[in-house]
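To start, the structure itself, in structure tokens.
The values are calculated or read from the model by the stated rules, or taken from the named source; none is laboratory data. Everything numeric in this text was worked out from a predicted model, so none of it was measured. So basically every Cβ, Gly included, is an ideal-geometry build from the backbone, and we count neighbours across all protein chains shown. Note: accessible area is taken over every heavy atom of the protein model, side chains too, but ligands, DNA and RNA are not part of it. Shrake-Rupley method; radii C 1.70, N 1.55, O 1.52, S 1.80 Å.
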Amino acid sequence: MLSVLSYGRIVARAVLGGLSQTDGRDYSLITASCGFGKDFRKGILKKGMCYGDDACFIARHKSADVLGVADGVGGWRDYGVDPSQFSVTLMRTCERLVKEGRFTPSSPVGILTSSYYELLQNKVPLLGSSTACIVVLDGRSHRIHTCNLGDSGFLVVRGGEVVHRSDEQQHYFNTPFQLSIAPPGAEGAVLSDSPEVADSSSFDVQLGDIILTATDGLFDNMPDYMILQELKKLKNTSYDSIQQTARSIAEQAHELAYDPNYMSPFAQFACDNGLNVRGGKPDDITVLLSIVAEYTD
């Protein structure tokens with residue numbers, strides 16, 4: 001099931017592919033979402049909900065739009081822990097901090113850090129691990145600020161080409177950087193990274209730029225050229241067009257994930273690491289598809 005969230009009256013006067021910027025105009029994001037849990041059931045994007053062990057949020061405060069995705073580490077299920085609880089709680093906390101205005105648009109890593117340390121101080125024990133990617137559009141400065149920990153990530157597309165992308169962080173093959181909370185006494189036995197080591201970037205955007213934020217279930221199954229082919233179906237900035245394209249991308253990634261004969265990006269990466277692997281990678285998939293548009297209050 002697909003959901004769209006938008007805030008205020010957004011005037012989508014952009015032409016896909018980018019237009020020159022004009023000083024004084026605030027920008028905003030028109031965002032649609034789609035996803036699938038690995039168990040074949042479609043997710044429902046609501047506050048605190050997720051697609052399988054993935055979670056996400058979309059929020060706005062004043063002139064800033066903030067998006068986030070997180071991928072709960074499935075290995076916790078072997079120890080009787082629901083992996084989605086960590087990713088959902090992390091994203092829900094990020095969303096609340098944004099809506100309360102407790103963040104600086106130029107520092108998405110600050111949102112992630114504050115959320116993670118709030119989870120650490122939670123009176124109710126919460127165990128688990130998760131990757132995370134947060135994207136912030138500062139509508140007044142026309143700049144995007146990002147942080148990415150692990151193998152979720154984002155692409156920025158302009159004129160049919162990828163002009164910005166996140167850098168994946170891996171300790172070694174199929175072991176991404178991750179935030180973790182371990183049982184008491186087992187901290188040293190659980191892989192855990194500091195939110196401060198997340199890869200951060202900042203750059204200008206233009207009206208009509210396309211921002212795709214997703215978990216690794218997308219990027220492990222669809223190379224850039226396939227994603228760009230799907231984005232060509234985005235003919236305008238209407239909500240319906242964004243919805244349909246987000247759905248098309250998520251559905252194709254989901255289908256490829258279960259194709260045993262497909263040489264997926266994940267399989268290619270495995271081969272590069274000396275493993276004889278072929279096929280897609282069954283996984284939860286979360287896609288947030290956004291277009292930069294002019295915002296009027």
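The table for this structure:
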| quantity | calculated |
| --- | --- |
| Within region 57-95, tally of residues that are assigned to a helix (DSSP H, G or I) and either more than 21 Å from Leu289 (Cα to Cα) or among the aromatic types (Phe, Trp, Tyr) (or both) | 12 |
| Boolean, Val157 is open to solvent by 20 Å² or more (accessible area, probe 1.4 Å) and within 20 Å of Pro265 (Cα to Cα) | no |
| Enumeration of residues in region 52-69 that are in contact with a helix residue (DSSP H, G or I) (Cβ under 7 Å, 6 or more places away or on another chain), of a type in the set (A, V, I, L, M, F, W, C) and more than 10 Å from Val98 (Cα to Cα) | Ala55, Cys56, Phe57 |
| Output for region 178-193, where each listed residue is open to solvent by 40 Å² or more (accessible area, probe 1.4 Å) and in contact (Cβ under 8 Å) with a residue 24 or more places away in the chain | Pro183, Leu191, Ser192 |
| Residue that is surrounded by the most Cβ atoms within 10 Å (Cβ to Cβ), among those in region 263-297 that are part of a loop (DSSP other than H, G, I, E, B) and under 21 Å from the mean Cα position of the chain (by Cα) | Asp284 |
| Members of region 70-101 that are in contact with a helix residue (DSSP H, G or I) (Cβ under 7 Å, 6 or more places away or on another chain) and free of Cβ contacts under 8 Å to residues at least 60 places away in the same chain | Gly72, Gly74, Trp76, Arg77, Pro83, Thr89, Thr93, Cys94, Leu97, Val98 |
| Within region 194-208, considering residues that are of a type outside the set (Gly, Ala, Ser) and surrounded by fewer than 17 Cβ atoms within 10 Å (Cβ to Cβ), the one farthest from Asp71 (Cα to Cα) | Asp204 |
| Qualifying residue in region 242-262 (condition: touching a His at 6+ places or on another chain (Cβ under 8 Å) and surrounded by 18 or more Cβ atoms within 10 Å (Cβ to Cβ)) | no |
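Each row is one residue, and each column tells you yes or no for (1) closer than 20 Å to Pro195 by Cα; (2) crowded, with 24+ Cβ neighbours inside 10 Å; (3) under 17 Å from the mean Cα position of the chain (by Cα).
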site	(1), (2), (3)
Gly75	no, no, no
Thr89	yes, no, yes
Cys94	yes, yes, yes
Thr104	yes, no, no
